[in-house]
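Novice: Quick one: the structure is below, questions incoming.
The values are calculated or read from the model by the stated rules, or taken from the named source; none is laboratory data. Keep in mind that this is a model prediction, so the values were computed, not measured. Note that each Cβ is placed from the backbone with ideal geometry, even for glycine, and that neighbours are counted across all protein chains shown.
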Amino acid sequence: MNAADTDALAVRLAGVHERIRTACATAGRDPGEVRLVAVTKTHAPEACRALVDAGVLDLGENRVQELLAKIQAVGEGPRWHLIGPLQRNKVRAVVGRVVLIHSLDRPELATAIGRRAHEAGGAPQRALVEVNVSGDPRRAGCPPEALLDLLRHASRVEGLEVVGLTVIAPLPPPGTDPNDGARPHFASVREMRDAARAEWPRVTELSMGMSADLEAAVAEGATIVRVGTSLLGERGPGPYRVGEEVG
Ligand SMILES: *Cc1c(COP(=O)(O)O)cnc(C)c1O
């Protein structure tokens, strides 16, 4: 990244921190309760390094191949998050390399993650259960009515520690404020988290809110926001591949 890009990134990062602070002030929350995960998908490892240099500690990727390429290029300095879907055949490559898997959505995946972590002999893998709050079958995530069964199953899996929930708000209707559309969904996932926490006290985190709707997420109790576009600008068309320098 050249000096102008680095300056632009610093300005954008300050803007995102300011939005989080303002949203926290409105909600009467401590900004220290909200962790920023910078979403670096499609951007080159250089962008990841620039974020780390600017003081961002957590980076998120939504595709496993791209995640692994960036870990290899950037190293294990940042805390890596897998925020996109995980297939069972990729579990082996991911477990132990990321601080948090945001996309646990079915019992078989919980079992596979736990088995791998146990086998590898490291710490239990932390994960969030992704909730498909709109119930749209085309979207990822565990249906709300299956959540408690999945949490119960996961609580018995050695090598796996579920520490909260994730949600992606449905796309807002054109011309509306995404915060308005997202807020009721965030509120209902917060209620699911509260209900789950009564039984499993470690279920505390709420990963919700992106560039367009982080205010609503913070208002409803997000402890992790996942922000890409507001930090790095519009994304290129496809995933970053090794040997390619995009963005
Ligand atoms: C891409 C992505 C984000 C970031 O979205 P922006 O609108 O660019 O902030 C957040 N969460 C997930 C799961 C994503 O895939």
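Novice: Residue 156 passes all but one of (1) within 23 Å of residue 200 (Cβ to Cβ); (2) surrounded by 19 or more Cβ atoms within 10 Å (Cβ to Cβ); (3) of a type in the set (Lys, Arg); which number fails?
Specialist: (2)
Novice: In segment 39-57, how many residues are in a strand (DSSP E or B) and either away from the ligand (no atom under 12 Å from the Cβ) or touching an Asp or Glu at 6+ places or on another chain (Cβ under 7 Å) (or both)?
Specialist: 0
Novice: Test each condition in (1) more than 18 Å from residue 233 (Cα to Cα); (2) touching a His at 6+ places or on another chain (Cβ under 8 Å) for residue 109 and report the one that comes out false.
Specialist: (2)
Novice: Which residues, taken from segment 52-67, are surrounded by fewer than 24 Cβ atoms within 10 Å (Cβ to Cβ) and not small (Gly, Ala, Ser)?
Specialist: Our first condition is that a residue be surrounded by fewer than 24 Cβ atoms within 10 Å (Cβ to Cβ); within segment 52-67, this holds for 52-58, 62-66.
52, 53, 56, 57, 58, 62, 63, 64, 65, 66 - these are the residues of segment 52-67 that are surrounded by fewer than 24 Cβ atoms within 10 Å (Cβ to Cβ) and not small (Gly, Ala, Ser).
Novice: Could you run through segment 95-125 and say how many residues are within 16 Å of the ligand (Cβ to nearest atom) and part of a loop (DSSP other than H, G, I, E, B)?
Specialist: Matching residues across segment 95-125 total 3.
Novice: Looking at (1) more than 16 Å from the ligand (Cβ to nearest atom); (2) under 13 Å from the mean Cα position of the chain (by Cα), find the lone condition where residue 71 falls short.
Specialist: The single condition residue 71 does not satisfy is (2).
Novice: Could you give me the residue pairs with C-beta distances under 7 Å whose first residue belongs to segment 95-112 and is closer than 14 Å to residue 207 by Cα, whose second residue is within 16 Å of the ligand (Cβ to nearest atom) and in a helix (DSSP H, G or I) wherever it lies, and which are 6+ apart or on separate chains?
Specialist: 101/94
Novice: A follow-up question, please. Among residues belonging to segment 158-174 that are away from the ligand (no atom under 14 Å from the Cβ) and at pLDDT 95 or above, point out the one that is nearest to residue 117 (Cα to Cα).
Specialist: Only one residue tops the list, namely 159.
Novice: I would also like to ask the following. Could you look through segment 195-228, keep only residues that are among the polar types (S, T, N, Q) and surrounded by fewer than 24 Cβ atoms within 10 Å (Cβ to Cβ), and pick out the one that is nearest to the ligand (Cβ to nearest atom)?
Specialist: Across segment 195-228, the extreme among qualifying residues is 211.
Novice: Could you check residue 68 against (1) in contact with a helix residue (DSSP H, G or I) (Cβ under 7 Å, 6 or more places away or on another chain); (2) under 17 Å from residue 159 (Cβ atoms); (3) of a type outside the set (D, E, K, R) and say which number it fails?
Specialist: (2)
Novice: Just need a number here: residues in segment 58-68 that are within 13 Å of the ligand (Cβ to nearest atom) and out of contact with any strand residue (DSSP E or B) (no Cβ under 8 Å at 6 or more places or on another chain).
Specialist: Matching residues across segment 58-68 total 2.
So that you can scan it fast, the table gives a plain yes or no per residue for (1) crowded, with 17+ Cβ neighbours inside 10 Å; (2) under 30 Å from residue 219 (Cα atoms):
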residue: 41; (1), (2): yes, yes
residue: 72; (1), (2): no, no
residue: 89; (1), (2): no, no
residue: 109; (1), (2): yes, no
